[in-house]
1. If you go through the stretch 119-136, how many residues are surrounded by 14 or more Cβ atoms within 10 Å (Cβ to Cβ) and assigned to a loop (DSSP other than H, G, I, E, B)?
2. Is there any pair with a first residue in the stretch 176-190 that is closer than 15 Å to Thr219 by Cβ and free of Cβ contacts under 8 Å to residues at least 60 places away in the same chain and a second that is assigned to a loop (DSSP other than H, G, I, E, B) and more than 14 Å from the ligand (Cβ to nearest atom) whose Cβ atoms are under 6 Å apart and which are 6 or more apart or on different chains, and what are they?
3. Taking the stated definitions as given, is Thr100 open to solvent by 10 Å² or more (accessible area, probe 1.4 Å) and within 16 Å of the ligand (Cβ to nearest atom)?
4. Being within 16 Å of the ligand (Cβ to nearest atom) and open to solvent by 60 Å² or more (accessible area, probe 1.4 Å): is that true of Glu179 here?
5. Only residues that are within 14 Å of the ligand (Cβ to nearest atom) and open to solvent by 10 Å² or more (accessible area, probe 1.4 Å): list them for the stretch 167-176, please.
6. Quick check: is even one residue across the stretch 103-110 within 16 Å of the ligand (Cβ to nearest atom) and open to solvent by less than 10 Å² (accessible area, probe 1.4 Å)?
7. Just a yes or no: is a residue in the stretch 72-79 in contact (Cβ under 8 Å) with a residue 40 or more places away in the chain, away from the ligand (no atom under 16 Å from the Cβ) and open to solvent by 10 Å² or more (accessible area, probe 1.4 Å)?
Amino acid sequence: MKLRELFISVVAAYLAVFASSAWAQELGPHFRKIKEGIYVQSAREVNSNGGIILTQEGVVLIDTGQTLTDSREMLEAVKKLTPLPIRFVINTEVHADHTTGNFVFSPPAFVMNHEGASDAMRKADNPNRFNNPALSAEIREAGKGYRLVTPQIEYYEKTTLRLGERTFELLQLKNAHSEADTAVWLPNERVLFAASVAIPNSINNVRPFVTIPDILAATRMMRSLNPEVVIPGHGSFGTTKIFDDSERYYTLLVERVGAMVREGKSLDQIKLELRMPEYESWSYQERMPSNIEAAYRAVTKRS
Ligand SMILES: [Zn+2]
């Protein structure tokens, strides 16, 4: 390479780096850059995380934001980052705070989640949800044009999506949070979108079909991938410590509920008496009864 060509290529590389960091800044305070071409959107700590992943052949989104305002913010961010289209949206669960914005992107994007997602979303949907006069004018405005878009592609247990230079492994998390939960693993980047099984510093809502052994199996499986960055369905991204904290919490909960069952206490008594002082700072304490019920099912083998 001639010196002049070398100089030009160095300047071009410098400009490319400068431009990408400038873009990250321009996306605004709700966006975090995880790695080159991988961003996360969230307006508040407890809100769901929306992922934006750029490839040479288009964009993949992970969930569509807590609210439709967030969905539209994600769409604007994608337009700033690339002229390429959004090709796929991967839903990590079925609940509205991850999926309501599907219609903003699909069509043209295809939506993916595990088998059972569409049925669950159809059952839970209220088509008039944004026509409620009790909602603020802002929310009703953001909800204009809302319609339910369920995954057009449902996989079973595990599938691989290859787009451009990137590989996305979609892994089912069974009975771990909603009727269909998907972890998204990028093996080359070692980035894991971990769905809503373990939320940092937060008590989770454990529904009747969710079991603690399945939650523990899901976090163990995700830890075994050895990710460098873990992005939970809600809250700050981090490392596999998110899984460690969750496992310690559920293990202690099952231990304490088990001891009380052996003392002959009823579920109602346990709900009244059980204390978890180690976790009093975690948000959503009102979800504790559903956690105690799950632990009770686990120790009495009624799960
Ligand atoms: Zn959820």
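1. Residues in the stretch 119-136 being surrounded by 14 or more Cβ atoms within 10 Å (Cβ to Cβ) and assigned to a loop (DSSP other than H, G, I, E, B): 4 in total.
2. Trp185/Leu225
3. Values: open to solvent by 10 Å² or more (accessible area, probe 1.4 Å): yes; within 16 Å of the ligand (Cβ to nearest atom): yes.
Against the criterion (open to solvent by 10 Å² or more (accessible area, probe 1.4 Å) and within 16 Å of the ligand (Cβ to nearest atom)), Thr100 qualifies.
4. For Glu179, the condition - within 16 Å of the ligand (Cβ to nearest atom) and open to solvent by 60 Å² or more (accessible area, probe 1.4 Å) - is met.
5. Asn175
6. Taking every residue of the stretch 103-110 in turn, none turns out to be within 16 Å of the ligand (Cβ to nearest atom) and open to solvent by less than 10 Å² (accessible area, probe 1.4 Å).
7. yes
Table: residues versus (1) charged (D, E, K, R); (2) outside any loop (DSSP other than H, G, I, E, B); (3) modelled with pLDDT of 90 or more.
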position	(1), (2), (3)
Val104	no, yes, yes
Ile139	no, yes, no
Gly145	no, no, no
Val149	no, no, yes
Thr159	no, yes, yes
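The values are calculated or read from the model by the stated rules, or taken from the named source; none is laboratory data. Note that this is a predicted model, so its numbers are computed, not measured. When we count neighbours, we look across all protein chains shown, and the Cβ atoms used for this are built from the backbone with ideal geometry, even at glycine. Protein only, heavy atoms only, side chains kept; ligands, DNA and RNA dropped before computing areas. Shrake-Rupley method; radii C 1.70, N 1.55, O 1.52, S 1.80 Å.
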